[in-house]
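Novice: Have a look at the structure that comes next, please.
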Amino acid sequence: MALRTILEFPDSRLRTVAKAVEKVDDSIRVLIDDMFETMYNAQGIGLAATQVDVHLRLVVIDLQDDENQPLVMINPEFETLTQEIDEMQEGCLSVPGVYEVVKRPNRVRLKALNRDGETYEMEAEGLLAVCIQHECDHLNGKLFVDHLSGLKRSRIKSKLTKQKRVEAIS
């Protein structure tokens, strides 16, 4: 396993629409393992392949602090199951240190492939539903800041750009 570099907003590669995984093989399973290691190391709960500059439709999620419920989503598709909207504070490993309230449907049905290439379906609600939608957004070149006002997004972009300049000087 290896740690991968997580792209950070406003990197334009985060806007790339991911392509379907054609075949689940050992190279995909190595990527999955690397993504889990990278996500756990960064103390995240979800990571899309796009965030590590691999533009394939692949997501890993684990909402548990003890890292014992890994969920692999290859070529995920979801549908909303309710008109009910939750407001939840979201953060993102690609937008470090920024947390904002985003509105999303609170129940979804997911269809995806697991790490062995087998199809599965599940219903999710609450934090898991939000995480699925957030990570699938990444696969479509979208970030959670795109759900915010243009002013907020601009301020976040300026803040992160300034931080990068300061870090580069240090």
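The values are calculated or read from the model by the stated rules, or taken from the named source; none is laboratory data. Keep in mind it's a predicted model, so treat the numbers as computed, not measured. Cβ placement follows ideal geometry from the backbone for every residue including glycine, while neighbour counts extend to all protein chains displayed. Please note that ligands, DNA and RNA were not included when accessible areas were found on the heavy atoms of the full protein model with its side chains. Shrake-Rupley method; radii C 1.70, N 1.55, O 1.52, S 1.80 Å.
Novice: With the cut-off at 26 Å, report for the chain the share of all Cα pairs above it, as a whole percent.
Specialist: For the chain, the fraction of Cα-Cα distances above 26 Å is 26 percent.
Novice: Nearest 500 deg cm²/dmol is fine: what mean residue ellipticity at 222 nm does the chain get from its DSSP H runs of n ≥ 4 alone, each adding -39,500 (n - 2.57), divided by its residue count? All intermediate terms of the calculation are to be shown ahead of the outcome.
Specialist: Values: 3 runs with 50 residues, N = 170.
Calculated at 222 nm, the ellipticity per residue is -10000 deg cm²/dmol.
Novice: Sticking with this structure for a sec: What is the extension gain from ALA2 to ASN140, computed as 0.36 nm multiplied by their sequence separation minus the C-alpha to C-alpha distance, in nm to one decimal?
Specialist: My answer for the length gained is 47.2 nm.
Novice: Quick one: if you stick a label point 7 Å off each Cα along the C-beta vector at VAL30 and GLU79, how many nm between them?
Specialist: 3.8
Novice: Moving on to the next point. Report the Cα-based extents of the stretch 17-56 along its three principal axes, largest first, to the nearest Å.
Specialist: Over the stretch 17-56, Cα extents along the principal axes are 30, 23, 13 Å.
Novice: Same structure, new question: Where the centre of each part is set by its Cα atoms, how far does the stretch 89-155 sit from the stretch 6-67, in angstrom?
Specialist: Between the Cα centre of the stretch 89-155 and that of the stretch 6-67, the gap is 13 Å.
Novice: Quick one: compute the contact order of the chain, relative version, from alpha carbon pairs under 8 angstrom and 6+ residues apart, as a percent.
Specialist: Contact order relative to length: 23 percent.
Novice: Setting aside same-chain residues fewer than 8 positions from LYS111, which lysines have a Cα under 24 Å from its Cα?
Specialist: LYS19, LYS23, LYS103, LYS142
Novice: Which of VAL30, VAL108, VAL60 ends up with the largest GNM mean-square fluctuation for the chain, with Cα atoms connected below 10 Å?
Specialist: VAL30
Novice: Tell me, what is the per residue accessible area of the stretch 1-130 in Å², probe radius 1.4 Å?
Specialist: Details: 6930 Å² over 130 residues.
Counting only protein heavy atoms, the per-residue value for the stretch 1-130 is 53 Å².
Novice: Which FRET efficiency, nearest 0.05, do VAL17 and ASP65 yield, Cβ-Cβ r, R0 41 Å? Working shown, then result.
Specialist: Numbers: r = 32 Å, r/R0 = 0.79.
FRET efficiency, VAL17 to ASP65: 0.80.
Novice: Which of the listed residues, VAL101, THR80, ASN68, is farthest toward the dipole's positive end in the stretch 63-135, when Lys, Arg count +1 and Asp, Glu count -1 at the beta-carbon?
Specialist: The one lying farthest along the dipole's positive direction is THR80.
Novice: I'd like the FRET efficiency for GLN43 and THR119, computed as 1/(1 + (r/R0)^6) with the beta carbon distance as r and R0 of 45 Å, rounded to 0.05. Present the calculation step by step, with values, prior to reporting the outcome.
Specialist: Working: r = 31 Å, r/R0 = 0.68.
So the FRET efficiency works out to roughly 0.90.
Novice: In Å, what is the Rg of the alpha-carbon atoms in the stretch 5-85, and how long is Dmax?
Specialist: 13.4, 40
Novice: If you place +1 on the Cβ of every Lys and Arg and -1 on the Cβ of every Asp and Glu, how big does the dipole about the Cα centre of the stretch 65-170 come out, in debye to the nearest 20?
Specialist: 1020
Novice: If R0 is 30 Å, what FRET efficiency do you get for LYS164 and LYS103 from their C-beta distance, rounded to 0.05?
Specialist: About 0.55, to the nearest 0.05.
Novice: Moving to a separate point now. Hey, any idea what % of the stretch 4-130's accessible area is carbon plus sulfur with a 1.4 Å probe? Display every interim value, and only then the final one.
Specialist: Values: 2850 of 6620 Å².
Exposed carbon and sulfur together represent 43 percent of the surface.
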